[in-house]
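Here's the structure, in structure tokens; my notes come after.
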Amino acid sequence: PTQALRDLDGFDYIWCIFYCHLNAMNVDPSSGANSGWNAAVRPPRGGRKVGTLATRAPHRPNPVGLSALKVLRVDAAARKVYVSGLDLLDGTPLLDIKPYIGQYDSFQNASAGWLDEANNSK
């Protein structure tokens with residue numbers, strides 16, 4: 001419904017929760033289990049293998065993704081949200097949208113684990 005988008009235009013950013021639909025070939029339809037993922041992966045930054053759940057790799061035990069997107073405008077009548085910073089493939093199913101709230105969603109001086117190590121070694 002159009003009312004669901006009401007007041008979203010007051011936010012600069014949103015969280016977009018989506019289904020990694022092209023990873024669906026790895027999901028067993030009878031159990032829902034995802035067998036097409038590795039417990040450790042080599043991320044683009046870092047060099048060494050790290051645990052999959054410590055990365056943003058799309059091949060995961062649960063094919064659900066999360067992106068922070070800049071809201072450009074909201075057209076509630078057309079049920080559309082225009083964004084920038086989209087890192088999804090065309091046709092990716094969206095599961096939910098949540099507002100990004102800086103005072104809750106941003107943690108100053110938060111450690112980034114292996115990524116901090118990789119950045120410090122350069």
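Give me the accessible area per residue for the chain, probe 1.4 Å, as a whole number in Å². Each step should come with its number before you reach the end.
Details: 8860 Å² over 122 residues.
Ligands and nucleic acids excluded, the figure is 73 Å² per residue.
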key: Portion, in percent, of the accessible area of the chain that falls on carbon or sulfur, probe 1.4 Å   = 53
query = When the distances between all Cα atoms of the chain are binned every 5 Å from zero, what whole-number percent does each bin get?
reply = 2, 9, 15, 17, 17, 15, 13, 8, 3, 1, 0
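Over the chain, what is the relative contact order in percent, taking alpha-carbon pairs closer than 8 angstrom and at least six residues apart? Write out the running numbers ahead of the final one.
Values: 175 pairs, mean separation 43.3, N = 122.
That works out to 35 percent.
Compute the signed sum of charges (Lys and Arg +1, Asp and Glu -1) over the other residues within less than 14 Å, Cβ to Cβ, of Y82. Mind dumping the intermediate values first?
On the way: positive: K70, R73, R79, K80; negative: D9, D12, D75.
Value of the local net charge: +1.
The values are calculated or read from the model by the stated rules, or taken from the named source; none is laboratory data. Not measured: the values here are computed from a predicted model. So basically every Cβ, Gly included, is an ideal-geometry build from the backbone, and we count neighbours across all protein chains shown. Areas reflect the complete protein model, heavy atoms only, side chains present, ligands, DNA and RNA absent. Shrake-Rupley method; radii C 1.70, N 1.55, O 1.52, S 1.80 Å.
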